[in-house]
1. Return the FRET efficiency for the residue pair residue 26, residue 285: r is the Cβ-Cβ distance, R0 is 22 Å, and the value is rounded to the nearest 0.05.
2. What are the trypsin sites (Lys or Arg not before Pro) within the range 89-163 that DSSP puts in a loop, where the Cβ has at most 14 other Cβ atoms within 10 Å?
3. Anyone know which of 247, 110, 130 comes out most mobile in the 10 Å Cα GNM of the chain?
4. Residue 212 to residue 128: FRET efficiency via 1/(1 + (r/R0)^6), r the Cβ-Cβ distance, R0 45 Å, to the nearest 0.05?
5. Looking at the range 33-103, which GluC sites (Glu not before Pro) are in a loop (DSSP not H, G, I, E or B) and have at most 14 other Cβ atoms within 10 Å?
6. Just to verify a number: FRET efficiency for residue 161 and residue 265, C-beta to C-beta distance, R0 = 22 Å, to 0.05?
7. Treating the beta-carbon of each Lys and Arg as +1 and of each Asp and Glu as -1, no other charges, what is the dipole magnitude of the chain about its Cα centre, to the nearest 20 debye?
8. Could you give the length gained by full extension between residue 225 and residue 119, i.e. 0.36 nm per residue of separation minus their alpha carbon distance, to one decimal place?
Amino acid sequence: MISNEPSYKERRNKRWIAISLLPAVALFIVLTAFPVVNLLALSFFHVEWREATSAFSFVGLDNYHRLFSTEKVFWDGVRNTAFFAVTAVSCQMVLGFSMALAVRTAGSYGRAMLTGIFLLPIVVPPIVIGTMWRLIMGREFGLANMLLRLLGLGPVDWLGNPDIALASVIFVDIWHWTPFVFLLMLAGLESLDGEVIEAARMDTRSRCQQIRHVVLPMMMPTIIVTLLFRVILSFKVFDEVYLLTSGGPGTATEVVNFSIYRTFFRQDQVGYGSAMSIVTLFAITVVIILARGLAQRRAAQRSTVS
């Protein structure tokens with residue numbers, strides 16, 4: 001009679017697996033779970049600083065009521081952040097994939113040269129990026145307006161015009177983060193089965209059909225992971241906005257993280273800033289779950305059709 005009871009060796013292996021996971025679990029609790037719980041707790045308090053000490057007063061849901069009823073700047077930031085994420089990530093995915101295809105089909109020398117050129121923006125420190133693009137987009141002495149003057153066109157206030165300031169910041173973010181997408185896409189293309197690609201090339205299909213019906217379905221896992229990474233990072237945008245426009249003019253480039261930064265560090269509203277952070281964290285989590293589910297469903301549908 002065969003027993004379903006696990007053997008001593010299996011029990012010992014499970015015990016060692018549990019023990020080996022303890023450091024990672026402890027690290028997660030200390031560095032992730034505890035700060036989030038602490039942030040949630042602070043969101044129910046009003047915190048005042050008195051003579052280098054903090055005074056806590058419980059206010060319940062008042063911070064959340066204020067956020068959803070009277071706050072305008074934060075919700076302008078939510079709208080701008082959503083537009084920023086959709087626009088920037090869409091452009092980065094298309095450009096990054098196109099650049100990876102170009103490098104993949106280039107010769108060995110051209111591949112090395114193009115890869116080095118394409119990766120340059122991502123290695124530049126954010127403070128340098130902000131300074132460089134402020135000099136390029138300056139109204140009076142910026143390089144972009146100097147080129148426009150040579151063409152007989154008037155100067156453009158790239159960062160001071162509310163109608164185009166957000167588009168200018170999005171352009172800088174696309175320039176900065178497209179190499180990240182390119183790198184992951186190139187790694188995904190390099191890992192594809194060469195025999196399948198060669199068979200598709202020898203088929204009667206055109207280049208576009210090869211990419212649509214063969215390369216894209218095989219690249220879908222890489223595309224999903226890259227998309228999730230970029231969606232998460234785009235919702236965390238702060239550097240470009242802080243260095244280029246500081247949320248201005250008005251609320252034209254206001255984003256969620258800049259609103260939270262100003263509430264925490266300039267206005268010293270710890271409880272209110274914590275409520276903003278919790279709402280933002282919840283919204284980003286929901287967006288990521290929905291995006292991941294939708295991407296996986298579409299990938300499954302494509303693989304079934306193929």
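No lab work stands behind these numbers, since they all come straight from the coordinates. All values derive from a computational prediction rather than experimental measurement. When we count neighbours, we look across all protein chains shown, and the Cβ atoms used for this are built from the backbone with ideal geometry, even at glycine.
1. On the way: r = 23 Å, r/R0 = 1.03.
The computed FRET efficiency comes out at 0.45.
2. Counting only loop positions with at most 14 other Cβ atoms within 10 Å, the trypsin sites (Lys or Arg not before Pro) in the range 89-163 are 139.
3. Judging by the Gaussian network model, the answer is 110.
4. On the way: r = 39 Å, r/R0 = 0.86.
Using R0 = 45 Å, I get an efficiency of 0.70.
5. Qualifying residues, ordered by number: 51.
6. Values: r = 28 Å, r/R0 = 1.25.
The value I calculate is 0.20.
7. The calculation lands at about 820 debye.
8. Working: separation 106, 0.36 × 106 = 38.16 nm, distance 1.94 nm.
That works out to 36.2 nm of additional length.
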